[in-house]
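Only one structure is covered here, and it is reproduced in the block below.
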2 protein chains.
Amino acid sequence: MSEPFSAVEVIVRKRDRGELSDPEIDWVVDAYTRGVVADEQMSSLAMAILLNGMNRREIARWTAAMIASGERMDFGTLSRPTSDKHSTGGVGDKITLPLAPLVAACGVAVPQLSGRGLGHTGGTLDKLESIPGWRAALSNEEMFAQLESVGAVVCAAGDGLAPADKKLYALRDVTGTVEAIPLIASSIMSKKIAEGTGALVLDVKVGSGAFMKNVELARELAETMVGLGTDAGVHTVALLTDMDTPLGLTAGNAIEVEESVEVLAGGGPADVVELTLALAREMLAGAGRGDVDPADKLADGSAMDSWKAMVRAQDGDPDAVLPVAKESHVVTAPASGTLSRLDAMAVGMAAWRLGAGRSRKEDPVQAGAGVRWHARPGDQVTEGQPLMTLLTDEPDRFDRALEALEGGYDIEHGAEFEPTPLLIDRIG
Amino acid sequence: MSEPFSAVEVIVRKRDRGELSDPEIDWVVDAYTRGVVADEQMSSLAMAILLNGMNRREIARWTAAMIASGERMDFGTLSRPTSDKHSTGGVGDKITLPLAPLVAACGVAVPQLSGRGLGHTGGTLDKLESIPGWRAALSNEEMFAQLESVGAVVCAAGDGLAPADKKLYALRDVTGTVEAIPLIASSIMSKKIAEGTGALVLDVKVGSGAFMKNVELARELAETMVGLGTDAGVHTVALLTDMDTPLGLTAGNAIEVEESVEVLAGGGPADVVELTLALAREMLAGAGRGDVDPADKLADGSAMDSWKAMVRAQDGDPDAVLPVAKESHVVTAPASGTLSRLDAMAVGMAAWRLGAGRSRKEDPVQAGAGVRWHARPGDQVTEGQPLMTLLTDEPDRFDRALEALEGGYDIEHGAEFEPTPLLIDRIG
């Protein structure tokens, strides 16, 4: 078959700051998926897009082309509305775990296709897989049935959804082209739109432990994604939330499940509860159920019931004892005073090095590994008291984890502590 | 072996407008040659270099790394000094053919490693290969011996010279990254420096038929290359010369050899003679023989003797009848007046489509194909007189060649004709 464009002409247009036409975008995404546009051509195009940008029309078309590369799900026949959440990734970010069953308990179905962790940020599927028996892979039929019966599904995205994105993401990862806002936004949104959710709340993380280190870039990404979702008919809102400090008191897999269950039981760290409720309210409002107060569903135990039903539906045992790391090492406070800073990136790196995360997507993770911290910024600590507990099955990992934590926290004496707000902005 | 850098960190540094260190450049060029840095990584780096540039140190180091990827020739033991010329490519640019033997006749050796044509620009080896028996491939020993005995060699570059450049050039060709001045300059200069010439004159073409369409970019390229040559101890000068109009009266292979022989016989088109002499004077001055007047050597037949010796040394017969195209088609002047413009790109495209050039490097070329024009800008023409003769072995090629010539020339009546100078600038 003769091709309507050449890869070089498309690359050169973007390289020379031109706009790609709709047919050019459709062709290049499709031809890349078919292997007609080679990896080395797509990577130079990705670099040109990263450096020269794309306008809103181009990003929307690129997203549409990635959606068109695969199947598209449709939950229109479900008996309840659907609403989903996507986080751009952080440290200690277990929010999906209490959030999905909580929203389900409020009468809105949550069809979450999720991913595994890479680098210092954790992955929702890795956390859930620490529950004995739980399985991430569901057929479309199983997913649909569980949404109808339980109201919440967190499972792995199948290969059928936006295959162009899958191929492009792997390429960007090795060619220094991950950090392109048009490509990040279209990658996330192509999957979420293809997934077929009616409403979507984006949790765009900002700070040292996040992908976006500054608020301006995070806002640009959030606005781009909200625009894409809205144009595609998905009710989309974004919250910009802090990721200078890790969320809650744990970063790992099983230990984050444990913390999530505390939240579902009506307890848990205040920041995790606050963010879970804020995102739940947005998800409910997006699905037209803004009248329901999710706090009630935490208090009355119905969110916990949904959680157990959700875990069981995927062959997990919600009452099983979770895996525990074989070895632990306690870091004590080197001085007395106020813990004025706990760096999300340092904690995330430490948890990764302890075995909770992976460097390559085929690596395994340890269910019990991670970091527990015993104080949060603003708390008073006394010299010698336990500050953090490092957990791993392999004690030779402690040294490099401790290195990652060097300079990762400050204890100040007598200084005024200014708490940073968790919720920074709302876009939508 | 563990690698000292990662490709992604090098790409990201250039992407974010940083400077690459000397060890990073050495590593990335070497690792690419070894296949440790993948094509899709080098192409995104090439795009970042194209868009963000490199400073003089980076370009010099990049060039040195490409030289270090292969062998380096040394003509220090020759009995005469060496001087070479490189043209960035044009239409009707047969200058090497009369120039190399002319300079040899003046006592300076010319060790020219040359290439084949691609697209609308011709290649010196393609032209010489139209001479019955002539062969482009010489061993290093043959080249050295011919330089000593004849004083001029034009032959194909072996695989041993700058293999990194060979691999990188093929990649840039398909990834929209050809037009990066640091990469063009280092590609040309790595081969010329590795070739071991003592002096070098660069003929940087400017205009519609050239790679560089405007004088500013051509000057930047020329200055970059002169800097690289000078830093490497090669006496380097650049001339910026016009390529809005094709050179001489022919564009093809055998017909350009014929025109070159006319120049060597003391005749030939004035512009070809002018440029040949200007470049010869620079080559001689660079080699410390500025006292010799090359015009004398054209007049006294010694340049012609060198030509014949050079052709014979490579098994060609300088007295053989050259191949002639099987078919010809005459384009007549559509009006009377002054030929005010003859576009180099249009003529180059026509010659290419007639079979004189190739689209892919493995394609053959026709020895007899090409375009002869019978008037040059400034000449008076009469309606119906022959303006151009198109030559090919395959008459079905005429239509597309005629299409290429549409709008490629202007005939004006009564207008003042302003000739454009052939020599635009000198840098060095």
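Quick note: the coordinates plus some simple rules give every number you see, no bench work behind them. Computed from a prediction, not measured in an experiment: that's the story for all the values here. Here the Cβ positions follow ideal geometry from the backbone for every residue, glycine too, while neighbour counts run over all protein chains shown.
Worth pointing out:
- Binning the C-alpha pair distances of the range A:285-428 at 5 Å intervals from 0 yields a P(r) profile of 2, 8, 13, 13, 13, 14, 15, 13, 7, 2, 0 %, listed from the shortest bin outward.
- Principal axis box of the protein assembly as shown, alpha-carbon based, largest edge first, Å: 108, 57, 44
- DSSP beta bridge pairing in the protein assembly as shown, given as percent antiparallel to the nearest 5: 55
- For the range A:375-428: span of alpha carbons on each principal axis (Å, largest first): 45, 38, 16
- Summed over all non-identical Cα pairs, the Kirkwood treatment of the range B:194-290 gives a radius of 14.7 Å.
- Note on the range A:327-412: Rg/Rh from Cα positions, Kirkwood definition for Rh, rounded to two decimals, is 1.00.
- If you take the Cα centroid of the range A:277-317 and the Cα centroid of the range A:78-101, the two points sit 10 Å apart.
- Vicinal HN-Hα couplings computed from phi for the range A:180-188 (Karplus, 6.51 cos²θ - 1.76 cosθ + 1.60; Hz; Gly/Pro x): 9, 4, x, 7, 5, 4, 6, 5, 5
- Separation of alpha-carbon centers, the range B:1-52 and the range B:107-179, rounded to whole Å: 28
- Couplings 3J(HN,Hα) of the range B:246-263, computed from phi: x, 7, x, 10, 9, 9, x, 10, 4, 5, 7, 4, 4, 5, 5, 5, 4, 5 Hz, in residue order, whole Hz [Karplus 6.51 cos²θ - 1.76 cosθ + 1.60, θ = phi - 60°; x for Gly and Pro].
- Per-selection Kirkwood Rh - the range B:91-218 (Cα, Å, 1 d.p.): 16.0
- Taking the alpha carbon gyration tensor of the range B:83-313, multiplying each eigenvalue by 5 and rooting it gives semi-axes of 25, 20, 18 Å, largest first.
- Neighbours of A:S83 by Cβ distance under 12 Å: Lys/Arg scored +1, Asp/Glu scored -1, total +2.
- The dipole here belongs to chain A: it is taken about the Cα centre, uses +1 on the Cβ of Lys and Arg and -1 on the Cβ of Asp and Glu, and is about 680 debye.
- Cβ crowding within 10 Å, taken as a proxy for footprinting-reagent exposure, orders A:E148, B:E223 from fewest neighbours to most as A:E148, B:E223.
- Cα convex hull, the range A:1-151: 170 Å³ per residue, rounded to a whole number.
- Mean-position separation - Cα centroids, the range A:368-428 and the range B:215-254, in angstrom: 62
- Proximal lysines relative to A:K94, as straight alpha-carbon distance under 18 Å, when same-chain residues fewer than 8 apart are discounted: A:K85, A:K127, A:K205, A:K308
- Under the Karplus curve 6.51 cos²θ - 1.76 cosθ + 1.60, θ = phi - 60°, whole-Hz ³J(HN,Hα) for the range B:326-338, x wherever Gly or Pro sits: 6, 10, 9, 9, 9, 9, 9, 5, x, 7, 9, x, 9
- Ranked by how many other Cβ atoms sit within 10 Å of their own Cβ, fewest first, the residues A:V273, A:V330, A:V103 fall in the order A:V330, A:V273, A:V103.
- Note on A:K14, A:K213: ascending count of other Cβ atoms within 10 Å places them as A:K213, A:K14, the fewest first.
- Residues whose amide H falls under 5 Å from that of A:G89, counting only those 5 or more places apart or on a different chain, are A:K205, with hydrogens built in the peptide plane.
- Isotropically averaged projected area of the range B:7-47, using the convex hull of Cα atoms (one quarter of hull area), nm²: 2.5
- Within the listed set B:P395, B:P81, B:P182, the Gaussian network model of chain B (springs between alpha-carbon atoms below 10 Å) gives the highest mean-square fluctuation for B:P395.
- Under a Gaussian network description of chain A, with springs only between Cα atoms under 10 Å, the residue in A:R281, A:R360, A:R341 that fluctuates furthest is A:R360.
- Qualifying GluC sites (Glu not before Pro) in the range B:324-428, DSSP loop, other Cβ atoms within 10 Å at most 13: B:E362, B:E383, B:E406, B:E416
- Under a 5 Å amide H cut-off, with hydrogens placed 1.01 Å from N, B:D425 pairs with B:L240 among residues at least 5 apart or on other chains.
- Relative frequency of Cα-Cα separations exceeding 35 Å in chain B, percent: 29
- Net length available on complete extension from B:E148 to B:E416 is 91.3 nm, with 0.36 nm assigned per residue and the Cα-Cα distance removed.
- Distant-in-sequence amide contacts of A:L200, defined by a placed amide H-H separation under 5 Å and a gap of 5 or more residues or a different chain, comprise A:D84, A:H235, A:T236, A:V237.
- Of A:L279, A:L354, A:L78, the one that fluctuates the most in a GNM where chain A has Cα springs shorter than 10 Å: A:L78
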